[in-house]
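Please read the structure below before turning to the comments.
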Amino acid sequence: MLKLWNTLLLLLLLVLSRSLQSQQRLETAYVSNSSGYVGDQACLPCHQPETSTYFETAHHLTSRMPDQNSILGKFSDGANILRTSSPTIYYQMTANNDGYFESAVEEVTPFQKVSHTERIDIVFGSGRRGQTYLFWRGDQLLELPVSYWTELDDWINSPGFPDGSPRFDKPVLPRCLECHSGRFEALPQSENSYDPGSLVLGITCEKCHGPGREHVLFRGSKTAASSGMRDPIVNPALLPRDRQIDICALCHAGAGKPLAAALSFTPGAALEDYVHIPYRPDAAIDVHGNQTQLLARSRCFQGSTMTCTTCHDVHRRQRDAAAFSPHCLSCHKAKDCTKFRKLGRAIASNCVDCHMPLQESEVLISQTRGRKLKPRVRNHQIGVYPEATQ
């Protein structure tokens, strides 16, 4: 009997040990670091409807690892060459088993060429407007001189780079990386030094909802969830209007001047304590990257309680401008539009292209083969634009 009891006791201890190990693995998978961030995978089990569509959005795809699907530029012969304003200098994009590469080539003589090659390590941009590519030099992150332009379906000189004068030394700063990735650890060696292993690509769930560790533990605890305690996760919809907009303004109100280290801001805090974003009502504001500032100038915004999410569902891919019209018509009547007499009810199908037209950016400019290329970006100052046509 004693032998049987000892055997049962050993089996019980083994089961408890394996259960504890399993729980520890689960916590390790969810709790990715001591700062309280857990990663998107921790959201999947309970938030399948949101995550299944969010992973297809431009926010989530704003930075990725390079592969044949994430890089939109072509590597086939002929299509992989970008000529410059210098007749002896061109770029060549190549792909092989070791990865994807950009090379600057100079034809010194008809019989001699010199080149500089770097591998594409990170893809910046979902491809809605274009893509830029980054590479690691040790722990330094830098921008490559050739980008991709969706409207042209072609390679272009990276915006801000000189045409015909290749450079591979443009640093990727924390303020830039903050808006094109989830998390990273900056290193003190230089302004663009990071721990490569710490970089979490794509805009993650926690960028808008805040660190999720306490939320995961809270929901995993039956006593805490049923005690009436407040869930520690941030639901942006429950925040005051200004704090809701601050979450978007972190990356959609211009670069601003950092007042604290990158990634210091968390949802629910006042952005003005972390980034100084100058705002002058009479100053010109470019359409690129300044959506919240432009929106704030709109009569629609000033005369209502609307926020960014009045029109935008950040969990879903939204590419059809006309599909936003019902949001406009919840306050406005189609027959009140000055074009109603000419166009009739058809105007109700597309408010946005007239009242929030695509306009060229004057700050994001690519100098390519002697041309100035400017992307057209949606103007978020809702208004009347006589030059806009439907």
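The values are calculated or read from the model by the stated rules, or taken from the named source; none is laboratory data. In this text the structure is predicted, and so the values were computed from the model without any measurement. Counting neighbours? That spans all protein chains shown, and the Cβs are built from the backbone with ideal geometry, glycine included. Note: accessible area is taken over every heavy atom of the protein model, side chains too, but ligands, DNA and RNA are not part of it. Shrake-Rupley method; radii C 1.70, N 1.55, O 1.52, S 1.80 Å.
A simple rule links phi to the HN-Hα coupling: the Karplus curve 6.51 cos²θ - 1.76 cosθ + 1.60 with θ = phi - 60°, which for segment 328-337 gives 5, 6, 6, 10, 10, 9, 4, 5, 7, 6 Hz, with x for Gly and Pro. Here the accessible area of the chain is 55 percent carbon and sulfur, with a 1.4 angstrom probe and all protein chains present. Listed values for segment 69-85 are Karplus-derived 3J(HN,Hα) couplings in whole Hz (6.51 cos²θ - 1.76 cosθ + 1.60, θ = phi - 60°), namely 9, 7, 8, 8, x, 8, 10, 6, 4, x, 7, 9, 10, 10, 6, 10, 5, and x replaces Gly and Pro. In the assembled protein chains, Glu118 presents an accessible area of approximately 40 Å² (probe radius 1.4 Å). Here's how it looks for Ser85: its modeled amide H is under 5 Å from those of Gly164, Arg369, Gly370, which are all 5 or more places away or on a different chain. Among Ser264, Ser85, Ser330, the largest mean-square fluctuation in a Gaussian network model of the chain, built with springs joining Cα atoms closer than 10 Å, belongs to Ser330. Pairs of Cα atoms nearer than 8 Å and 6+ residues apart set the relative contact order; for the chain it is 14 percent. Taking a quarter of the surface of the Cα convex hull of segment 206-341 gives a mean projected area of 11.4 nm². Evaluated at q = 0.19, 0.21 Å⁻¹, the base-10 log of the normalised Debye intensity for segment 166-258, with identical point scatterers placed on the Cα atoms, takes the values -1.02, -1.12.
Rounded to whole numbers, the Karplus 3J(HN,Hα) couplings from phi for segment 155-168 are 6, 9, 5, 4, x, x, 8, x, 7, x, 9, x, 9, 10 Hz, using 6.51 cos²θ - 1.76 cosθ + 1.60 with θ = phi - 60°, and x at Gly and Pro.
Of the GluC sites (Glu not before Pro) in segment 261-370, the ones in a loop by DSSP (not H, G, I, E or B) with at most 15 other beta carbons within 10 Å are Glu362. Ligands, DNA and RNA are left out, and with a 1.4 angstrom probe the accessible area of segment 277-390 is 64 Å² per residue. When +1 charges are put on Lys and Arg Cβ atoms and -1 charges on Asp and Glu Cβ atoms, the dipole computed for the chain relative to its Cα centre reaches about 1280 debye. Between the residues Ala270, Leu250, Leu238, the greatest Cα displacement towards the positive end of the dipole of segment 213-293, with unit charges on the Cβ of Lys, Arg, Asp and Glu, is found for Leu238. Only DSSP H runs of four or more residues enter the estimate; each adds -39500 (n - 2.57), and after division by the residues of the chain the mean residue ellipticity at 222 nm equals -6500 deg cm²/dmol.
Put simply, the amide H of Arg137, placed in the peptide plane, has neighbours under 5 Å in Leu142, leaving out anything fewer than 5 places away on its chain.
Heavy atoms of the protein chains alone define the surface here; on that basis segment 109-219 has 44 Å² accessible area per residue at 1.4 Å probe size. Only one of (i) 58, 49, 39; (ii) 92, 70, 39; (iii) 66, 44, 35 was calculated from the structure for Cα extents along the principal axes in Å, and its label is (ii). Centre-to-centre, using Cα atoms only, segment 277-327 and segment 362-390 are separated by 16 Å.
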